[in-house]
Amino acid sequence: MDLIQAVKLYIIKMTEDCGPGMKVLLMDKTTTSIVSAVFSQSEILQREVYLFEQLTSTSSSDSMYHMKCITFLRPTSENISLVCKELRNPRYGYYYIYFSNIISKTDIKTIAESDIQEVVREVQEYYADYLAISPHLFSLNIPSCGQCLSWDPLQLTRSTQGIISVLLSLKKNPLIRFQASSKMSKQLAEKIKVIFSKEENLFNLKQGDIQPQLLILDRREDPVTPLLMPWSYQAMVHELLTINNNQVDLSHIEDIKPDFKKVLLCAEQDDLYKQNMYKNFGEIGEIMKSLIDDFKSKAKNHQKLDTISDMKAFVENYPQFKKMSGTVAKHVIIMEQLSCYVTKKNLLEVSELQQQIACDIQSSQHTQKIRELIEKNIPDEEASKLVMLYALKSFSKDSNRELTSLIQLLKSKKVSEHWIELVHDVMKFQSKIILDNENTLKNAKQITKRFYKVKIFHY
Amino acid sequence: MNEPGEENIVLEGFLCPICKVDFGLDLKLFLHFQEAHSEDQDLVKSFKDLFGKAKEKILKNDIGKKEERHYVWEPQEIGEVQSHFEYFKHCRNKWVEHFVMETNKTVVRLEKLLCNLPQDPNKRKIHEQTIVHWLDGTDVTRCPDCTKSFNITRRQHHCRLCGSIVCHECSCFLPLSKAYETINEPGKNPMNSIAQSLPSFRLCVHCGEVLENREQTKYRDQKPLMCDYYDKIVECRNKIENDLLIKFNQTYNLLKEGESSYLTEANKIRSDIVKLAETIDALSNRILKLENDTNSSNVTTKNIRLAMIQCVQSTVLAIPALPSLKEIEEIAQRKREVAEARLRNGQDTNKPKMSPSVSKRHNTQKNEIKLILEDGWSPVTNANVNSENPVVEQMNIIKNYIKQAKEAYRFDEVASLERNLQELNEEYFKMQNGSRNMSDYSTKN
């Protein structure tokens, strides 16, 4: 059930399928990020893949017949026609074609009829159609999947494909459960169900005694959590610096070393990170401190190389030492950035108030405190997040008046229009939820009434 | 270890712990116990304690296992795959047959055209028309390829190979020299210079593509110099990975066991590996220096060089330094001492100290242990595994002691022995994990 492993196994199989020899990996934009999410360059080089190309309409025309081409693509119509074009004028010796999802027979026929020189040696479906971020988390890199509470049809298809490929790569044929209150969840569940019945052969998998379950939940059910400041290491890095494809962009820092402009935060390769990614900020600080001390003492030891045995020990430990120095330096820079943001944005105070609002402690003083903090000139986003949180958590009639005055305050502080709009959106969303809740309550009452009626008739 | 005898008969069922009679039902046993042994309250108490302890232990074990699972994922097999190659081939074969036939026809026509080709343009036109029937152009008002209508500026042209009519944009030219090349008779062209000046053949794009494809396939088997070097590199790598490194590890382990006679051999293997690594380094450097005309081959050579540097680094760094003769003798000495100590003490009930020789020996048994692991190694049930591993041996002994102590009703001792066993279990598990990690490591490199 390890997603990274699942994608890795597929790619290892691809490189093994075509035997020894120099290989080129021909991908599209999405599959490139899929592969790079699980394989470092050095790892893939050791599998004899020496060239990485993107299949575009303007590919180079350098022919290298001595290389085998592993073609790994999403089965989009654009890719199909590009493959056909590629095969009509093949640039490489042999082609091993893998699609990351289910492909139609007609598409295969089209490709087959372009392969006049008979260079294709393999056509397979390998279901690595998602970005494996950690063993238990994947993403499809969809920036926004819908508008006005309904699916963008393109993204609905993509999401369905993504989930189908996850299930196939883990060999699971689950029972689908979805959140009934959400129309989007229902649509997605139905789409997946359609594919289950259409591809019966594929999903005819050996199962254990217990059928696994696929739970489809709507994130909107809990609008509060995303507004709160997280305090565990990985979450903080993502919140404050943004992790993208396991990479953190640090190029905005002044006079940073070129090595650290873009750093990789990958639990697979970085044990320090793996052990500490879920620890909270304070703990991490202490761990870092002890690491640095440890590191300093080691560095000191390395400085004096008097005897031959010293030197021997140095040479033996050096690669480890160097690797460690790289990781420690990386995490120190990140930690510096984080603590810098924490002080700059007044996050300790902000977060405390966030927690109080979320947990409804001393609710009478909330508005006063929000006001105080906004007066302290905390950044736009934090200020508006506090107001949004307040909007979500307060239902009384007074609060409406309070909210308008808070928004006025935001405006007077010249908070950008974008954020104020978001506050309004959240308010609308909240009122809709309250309405829905009342409706369901009414429904429930009606049902119980009916139930009683039936009972009465029965007697 | 398990001598057959009355002491070791295993009884099952609802046994009374004192008179060892099977009662078949728990209720019956309970009643019997209350009737017959109600005075042995102490015993009952100690029993309860024992159960409590066992419960505690089981719970602890469970938690331990859960944590283990949290870190180590179960071995995962590759996900579903679906091959379309059979259908692909089926579709391709039909199409390729058709295409090959067309190619052959085209080439045959080209051969005929080139045979006794007159130089005079008019005569040439007649010659061309006798070989390939030219389509009558009077009814053709549009180019069949681009569907643009013909007029004074867009004139009709005939493809010399199939006789069809196309416009200028949908046609291409085949130079005579290339035409001779195509039919594999470059030398048969008597007047090379004149042939150059003669107009080329006008072809429709389809015939042009057919010939072009045929040309391309000719070059497919050519291999650049890079391939030779690369093949040599692969050869060296295989030799290191599949032969020398294995041998080296074997001798290295023997050295660590204190067998000093293998020192020269180990040194030799070590230097062989280093030499091969140097060869790989040199060859990849030569690949890098090759003259490349294209951008992609530049990238490729760079990447090959990078990969080989990594490979060389990892192999050379993975070879540990050999111990000196003195160190080996020390190890041998220590080993002898341990063996003697063991002889003196007999089979000690205490947890044995892990001497370095034990852990090293463990490495040589890697395969064996792996096998046990795959069979679903569980520390408790596999008591009768006749392993050479001293820890397992010790565990078995303790298990026997526990049994005997239970039979003698010395429950305090049972508890302390069980603690010992638990510690040993943990130790053994650690060693197992260690060896597994090591084997993972060696396969990775």
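So here's what we get for this one:
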quantity: Qualifying positions in segment A:1-24 - open to solvent by less than 30 Å² (accessible area, probe 1.4 Å), within 11 Å of chain B (Cβ to nearest Cβ) and within 26 Å of residue A:91 (Cα to Cα); calculated: A:10, A:11, A:14, A:21, A:22, A:23, A:24
quantity: Segment A:217-234, subset part of a loop (DSSP other than H, G, I, E, B) and either among the acidic types (Asp, Glu) or touching a residue at least 12 places away in the same chain (Cβ under 8 Å) (or both), residue surrounded by the fewest Cβ atoms within 10 Å (Cβ to Cβ); calculated: A:222
quantity: Index of the failed condition, residue B:333 passing every other in (1) open to solvent by 30 Å² or more (accessible area, probe 1.4 Å); (2) within 12 Å of another protein chain (Cβ to nearest Cβ); (3) of a type outside the set (D, E, K, R); calculated: (2)
quantity: Filtered residue count, segment B:95-117, keeping only those that are facing chain A (nearest Cβ under 7 Å) and either open to solvent by 20 Å² or more (accessible area, probe 1.4 Å) or of a type in the set (Ser, Thr, Tyr) (or both); calculated: 2
quantity: Where residue A:179 falls short, out of the listed (1) open to solvent by 40 Å² or more (accessible area, probe 1.4 Å); (2) of a type in the set (S, T, N, Q); (3) touching a residue at least 40 places away in the same chain (Cβ under 8 Å); calculated: (1)
quantity: Residues located in segment A:3-20, provided they are out of contact with any Phe, Trp or Tyr (no Cβ under 8 Å at 6 or more places or on another chain) and either in a loop (DSSP other than H, G, I, E, B) or under 24 Å from residue A:62 (Cα atoms) (or both); calculated: A:15, A:19, A:20
quantity: Evaluation of residue A:126 against (1) surrounded by fewer than 19 Cβ atoms within 10 Å (Cβ to Cβ); (2) modelled with pLDDT of 90 or more (one fails), failing number; calculated: (1)
quantity: Residue A:176 away from chain B (no Cβ under 14 Å), in contact with a strand residue (DSSP E or B) (Cβ under 7 Å, 6 or more places away or on another chain) and part of a helix (DSSP H, G or I); calculated: no
quantity: Count of residues meeting criterion [part of a strand (DSSP E or B) and farther than 16 Å from residue A:236 by Cα] in segment A:280-300; calculated: 0
quantity: Selected residue (criterion: most open to solvent (accessible area, probe 1.4 Å)) from residues of segment A:129-172 that are over 19 Å from residue A:246 (Cα atoms) and assigned to a strand (DSSP E or B); calculated: A:147
quantity: Filtered residues of segment B:147-169 (kept if closer than 26 Å to residue B:179 by Cα and surrounded by fewer than 12 Cβ atoms within 10 Å (Cβ to Cβ)); calculated: B:155
quantity: Condition check for residue A:316: farther than 24 Å from residue A:228 by Cα, open to solvent by 70 Å² or more (accessible area, probe 1.4 Å) and either part of a helix (DSSP H, G or I) or modelled with pLDDT of 85 or more (or both); calculated: yes
quantity: Every residue from segment B:127-142 that is open to solvent by less than 70 Å² (accessible area, probe 1.4 Å), within 29 Å of residue B:181 (Cβ to Cβ) and in a loop (DSSP other than H, G, I, E, B); calculated: B:132, B:134
quantity: Residue in segment A:25-43 that is surrounded by fewer than 21 Cβ atoms within 10 Å (Cβ to Cβ), on the phi > 0 side of the Ramachandran plot and either touching a residue at least 12 places away in the same chain (Cβ under 8 Å) or at the interface with chain B (Cβ under 8 Å from one of its Cβ atoms) (or both) present; calculated: no
quantity: Pick from segment B:268-309, criterion under 16 Å from residue B:227 (Cβ atoms) and away from every other protein chain (no Cβ under 14 Å), ranking: surrounded by the most Cβ atoms within 10 Å (Cβ to Cβ); calculated: B:286
quantity: Looking only at segment B:310-330, and only at residues there that are within 12 Å of chain A (Cβ to nearest Cβ) and open to solvent by 50 Å² or more (accessible area, probe 1.4 Å), the one that is nearest to residue B:285 (Cα to Cα); calculated: B:310
quantity: Residue that is at pLDDT 75 or above, surrounded by 14 or more Cβ atoms within 10 Å (Cβ to Cβ) and within 30 Å of residue A:102 (Cα to Cα), where the choices are B:124, B:92; calculated: B:92
quantity: Residue satisfying all of: in segment B:218-236; more than 10 Å from chain A (Cβ to nearest Cβ) and within 23 Å of the chain's Cα centre (by Cα); most open to solvent (accessible area, probe 1.4 Å) among these; calculated: B:235
quantity: Of all residues in segment A:121-143 being charged (D, E, K, R) and under 16 Å from residue A:6 (Cα atoms), the one that is farthest from the other protein chains (Cβ to nearest Cβ); calculated: A:129
quantity: Residue in segment A:44-70 that is farthest from the other protein chains (Cβ to nearest Cβ), counting only those that are part of a strand (DSSP E or B) and open to solvent by less than 20 Å² (accessible area, probe 1.4 Å); calculated: A:70
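Here's the yes/no breakdown for (1) facing chain B (nearest Cβ under 10 Å); (2) surrounded by 21 or more Cβ atoms within 10 Å (Cβ to Cβ); (3) at pLDDT below 90:
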| position | (1), (2), (3) |
| --- | --- |
| A:72 | no, yes, no |
| A:75 | no, no, no |
| A:84 | no, no, no |
| A:93 | yes, yes, yes |
| A:97 | yes, yes, no |
| A:103 | yes, yes, no |
| A:107 | yes, no, no |
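The values are calculated or read from the model by the stated rules, or taken from the named source; none is laboratory data. The shown structure was predicted, so the numbers you read here are calculated from the model rather than taken from an experiment. Backbone-built Cβ (ideal geometry, glycine too); neighbour counts: all protein chains shown. Please note that ligands, DNA and RNA were not included when accessible areas were found on the heavy atoms of the full protein model with its side chains. Shrake-Rupley method; radii C 1.70, N 1.55, O 1.52, S 1.80 Å.
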